[in-house]
Amino acid sequence: MNVPKNLMYTASHEWVEIDGDKMKIGLTEHASEQLGDLVFINLPEVGDQVEAEGSFGDVESVKAVSDIISPATGEVSAVNDAALDSPGDVNGDPYGVWLAEISNVTGKRELLTPEEYEKLQEDRKAHV
């Protein structure tokens, strides 16, 4: 499993790239593999407010529809239109394709280090 060391993670399988007061969010390789081929992505509009631990969009695959959970409370400052146009790109390069960016962060949920995220995956596998 690929877990880049320069990112933070959520237990709900989003990756977070922190740049000052902005956070770019995408789906982890694990999420991409579990969902299968993505066919549609629904994201908020620039300027929308999002809440930490709340759903701010969803992804639809051939298997299921899954919520994208916000790692922070703040304002959507950018949306990756290329991902909306080609959702399958997330499957091909989950860490290279971000979905949304949040700025003006006023609160955030607990983020996992790469090591903590890897351990979470190992613990889940051990209980299957």
If every Lys and Arg gets +1 and every Asp and Glu gets -1 at its Cβ, then about the Cα centre segment 44-108 yields a dipole, in debye to the nearest 20, of 200 debye
If every Lys and Arg gets +1 and every Asp and Glu gets -1 at its Cβ, then about the Cα centre the chain yields a dipole, in debye to the nearest 20, of 320 debye
The answer for the chain, accessible area per residue at 1.4 Å probe in Å², is 52 Å²
Under 17 Å between C-alpha atoms, the lysine pairs in the chain lying 8 or more places apart or on different chains count 4
Dividing the mean separation of Cα pairs under 8 Å (6+ apart) by the residue count of segment 61-128 yields a relative contact order in percent of 38 percent
Scalar couplings 3J(HN,Hα) for segment 29-42 by Karplus 6.51 cos²θ - 1.76 cosθ + 1.60 (θ = phi - 60°), nearest whole Hz, x for Gly and Pro, are 4, 4, 4, 4, 5, 5, 6, x, 5, 6, 10, 7, 10, 10
Extend 7 Å from the Cα of residue 40 along its Cα-to-C-beta direction; within segment 65-94, residues with backbone N under 15 Å of that point are 65-68, 84-88
Over all Cα pairs of the chain, the Kirkwood radius sets Rh, and Rg/Rh then becomes 0.94
Expressed as a percent, the accessible surface of the chain that is carbon or sulfur, using a 1.4 Å probe and the full set of protein chains, is 45 percent
From DSSP H assignment alone, runs of 4+ in the chain each adding -39500 (n - 2.57), the sum over residues rounded to the nearest 500 puts [θ] at 222 nm at -6000 deg cm²/dmol
For the chain, averaging the sequence separation of alpha carbon pairs under 8 Å that lie six or more residues apart and dividing by its residue count, the contact order in percent is 30 percent
Expressed in square angstrom to the nearest 10, the accessible area of residue 113 with a 1.4 Å probe stands at 50 Å²
Residues whose modelled amide H sits under 5 Å from the amide H of residue 48, counting only those 5 or more places away in sequence or on another chain, are 76
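The values are calculated or read from the model by the stated rules, or taken from the named source; none is laboratory data. Worth saying up front: this structure is predicted, and the values here are computed from it rather than measured. As a convention, Cβ positions derive from the backbone with ideal geometry for all residues, glycine included, and neighbour counts pool all protein chains shown. Keep in mind that these areas ignore ligands, DNA and RNA; they rest on the heavy atoms of the full protein, side chains included. Shrake-Rupley method; radii C 1.70, N 1.55, O 1.52, S 1.80 Å.
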